[in-house]
Amino acid sequence: MNLSPPPSVFQAHCFEREKGDTLQEARTARREVILGSPQKVPLRQLTQQEREELSRKAQSSSERVDIVKKAKALLAVANGCTFTTAGKETGMSREGVSQLVQRFSQRGLGVLVIAPGRGRKPTYTSQDHERILQEVQRCPHLDTDQSTVWSLSLLQRSLRSKGLPHLGSTTIRHVLQIHGWSYQQTRTWQQTH
């Protein structure tokens, strides 16, 4: 029976040291294992309102996943966790938690909201939407459009010839739905002999 104490974190880490590591590198690595990385910008004291709002968002099942992660990370740091530990608990990197804490100190709860200007920019402008709506309100002519009712493909062909060369039928449908238009059965089917 072995009565020796289990190896400490330091000893375990020393066994994993590479041959080329200096003593300073070993100390830094050991400190990170035991204490976590030093916090350059520590989290400021949370107000009661901030703590309640972060708790509510962290426990929400209907909130965006990124907001829940940020709220959990901030609460973990506020409760004394290192950036590394908070990151592991929430699926973020240590650096990500560090940047989040720094932004939280500057902007407060506004850090949870996605900054304006992010995401895909609209491909078609409001003027393009207006052109689509004007075209659908125009009655197609049998001699020029080869039909008396609009279909998505006919609208697409007409709009492409009038300056929207890459417009697709899905985009047309989407724009029409946004502005309250819906597809109606305008033709009836008859049995052929």
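The values are calculated or read from the model by the stated rules, or taken from the named source; none is laboratory data. A quick note: this is a predicted structure, and the numbers were derived from the prediction, not measured. A quick note on method: Cβ atoms are made from the backbone with ideal geometry, for glycine too, and the neighbour counts reach across all protein chains shown.
A compact table of results
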item: Residue selected from region 80-104 under the condition assigned to a helix (DSSP H, G or I) and hydroxyl-bearing (Ser, Thr, Tyr), by the criterion surrounded by the fewest Cβ atoms within 10 Å (Cβ to Cβ); result: THR85
item: Criterion (touching a residue at least 12 places away in the same chain (Cβ under 8 Å) and either farther than 30 Å from GLN45 by Cα or loosely packed, with under 10 Cβ neighbours inside 10 Å (or both)) met by exactly one of VAL136, VAL111, VAL65, VAL77; result: VAL136
item: Filter result for ALA78 (at pLDDT 85 or above, among the aliphatic types (A, V, I, L, M), more than 30 Å from THR171 (Cα to Cα) and outside the structural domain of HIS174 (by TED's automatic domain parsing)); result: yes
item: Verdict on ALA86 being more than 16 Å from HIS174 (Cα to Cα), touching a residue at least 40 places away in the same chain (Cβ under 8 Å) and in contact with a helix residue (DSSP H, G or I) (Cβ under 7 Å, 6 or more places away or on another chain); result: no
item: Tally of residues being outside any loop (DSSP other than H, G, I, E, B) and surrounded by 11 or more Cβ atoms within 10 Å (Cβ to Cβ) across region 119-133; result: 6
